[in-house]
Structure formats: C-alpha cells, structure tokens
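Take a look at the structure below.
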Amino acid sequence: MSSCLMNLILVDEHDQIIGYEEKLKTHELGLLHRAFSIYLFDDQGRILLQRRAMTKYHAPGLRANTCCSHSFPDELNLNAAQRRLEEELGFHNTITYLTEFIYRTPVPPNLIEHEYLHVFVGRYEGEKINPDPSEVMATERVDIHEFTHRIQADDPSIAPWTKITRLRLKNAILQHITVNF
C-alpha cells in the first residue's frame, strides 16, 4: 500500500478515536490525527536529526526530528515509535514518553499538519544508522542550542512541524538532557 493511502487514526481533543481517513486526505483537510515524534540525544546533548528523502510527498529534503510518523489502528504509540525508528533509521533504541499536545501548522504548498502528538525521547549512543533511502536521505547531530537558534531564525531547511514542536518542548527537552546526560 502506498504511504499516502494508509489510514490514519482521527481523534478528538482528548485523543479518543473518532474515525479513520487516508493519510493524504487527512493532511489535505487538516484533520486532527494521532501521531508521534522521537527526539534522540547523544552524550553531548546534540539532537539526532534526519533529512527527509526527496521522494516524500510532503516536506521532501527538509530537516526534521529524529523520527516521526503515525500509529496503526490497535498499535500502542510506544510500539509504533520503536517500529518506525527501526524502519526509517535501521536501529533499535530505548525511548521513553515525554509529553503530548495538539498543534496545527501549514505544510507548503497545500497541506496541513494537525496532530495530537505523543513525544518520546531517548539517548543515541552511536548505534549504526542504516536509513531507508525512501524515508531518509541523511542524518546529522546538531547542538540543541544551535538547532533552537536556527529555528528561531526561521531556517527554511527545517520542517514546519519540527519548528513548532521544538519550540513548544524547549524546556521539557532541556530538562530531560540535564537530568539524563
């Protein structure tokens, strides 16, 4: 099945399932749907970013958080996040729940991300990265403060949802790094 045709889980503002819709249509109409994001950090507090493949139907070539995607129906968010990390970047990592929130942002030229987002964090310890080229064209580790500065400067190479989630999670992520690294 094409990635654009998979069904996403539509939810209300309390993350209760209200239906299902094709991925592309969900993003065209800006429907609220369940999603997750993963942020991995190394022992120097650098965030592991991915650069999205040029074949992606939205935001091709842009830098984004370590991994983001959607759960299948009846799949736990944590399991979905671990599955996609392995599928996209080719390695397993222990991740933990950080928070959840709703956001909405346009994705040029004509799509909308409107997600009930579950955020997971973990430690990148130098695992061999073997990205799926249909998903990820490159990875990089960037100092969290430099990355925040690039977002605040409205760097056009960063995916719109990554800008929003990074700024929204600024204090929670910094606290996580301080406590865990």
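The values are calculated or read from the model by the stated rules, or taken from the named source; none is laboratory data. This structure is a prediction, so every number in the text was calculated from the model and none was measured. FYI the Cβ positions are ideal-geometry reconstructions off the backbone, even for glycines, and counts take in every protein chain you see.
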Per the filter on the range 82-136, residues touching a Phe, Trp or Tyr at 6+ places or on another chain (Cβ under 8 Å) and β-branched (Val, Ile, Thr) are Ile95, Thr96, Ile102, Thr105, Val107, Val119, Val121, Ile129
Please verify whether Arg141 is assigned to a strand (DSSP E or B), out of contact with any helix residue (DSSP H, G or I) (no Cβ under 7 Å at 6 or more places or on another chain) and either loosely packed, with under 13 Cβ neighbours inside 10 Å or modelled with pLDDT under 90 (or both), treating the condition exactly as stated. no
In the range 54-63, is there at least one residue being farther than 15 Å from Pro108 by Cα, surrounded by 13 or more Cβ atoms within 10 Å (Cβ to Cβ) and not basic (Lys, Arg)? no
Return the residues of the range 72-94 that are touching a Lys or Arg at 6+ places or on another chain (Cβ under 9 Å), under 18 Å from Leu117 (Cβ atoms) and surrounded by fewer than 15 Cβ atoms within 10 Å (Cβ to Cβ); say none if nothing qualifies. Phe72, Glu75
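Let's see how each residue does on (1) among the charged types (D, E, K, R); (2) modelled with pLDDT of 95 or more; (3) closer than 25 Å to Asp154 by Cβ:
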residue	(1), (2), (3)
Ile18	no, yes, no
Glu28	yes, yes, yes
Leu48	no, yes, yes
Lys56	yes, no, yes
Gly61	no, yes, yes
Ala64	no, yes, yes
His70	no, yes, no
Looking at Arg104, is it of a type in the set (Lys, Arg), within 30 Å of Asp12 (Cα to Cα) and either surrounded by fewer than 12 Cβ atoms within 10 Å (Cβ to Cβ) or at pLDDT 90 or above (or both)? yes
Given the conditions (1) in contact with a helix residue (DSSP H, G or I) (Cβ under 8 Å, 6 or more places away or on another chain); (2) under 16 Å from Asp42 (Cβ atoms); (3) at pLDDT 95 or above, and given that Asn93 satisfies all but one, which numbered condition is not satisfied? (3)
Identify, by number, the condition in (1) within 17 Å of Phe91 (Cβ to Cβ); (2) of a type in the set (A, V, I, L, M, F, W, C); (3) crowded, with 20+ Cβ neighbours inside 10 Å that Leu169 doesn't meet. (1)
For residues that are closer than 15 Å to Phe101 by Cα, touching a residue at least 24 places away in the same chain (Cβ under 8 Å) and either crowded, with 22+ Cβ neighbours inside 10 Å or not aliphatic (A, V, I, L, M) (or both), tally how many sit in the range 1-30. 2
Just a yes or no: is a residue in the range 148-169 part of a strand (DSSP E or B) and either touching a His at 6+ places or on another chain (Cβ under 6 Å) or charged (D, E, K, R) (or both)? no
His33 is checked against (1) at pLDDT below 95; (2) buried (at least 17 other Cβ atoms within 10 Å of the Cβ) and fails just one. What number does that condition carry? (1)
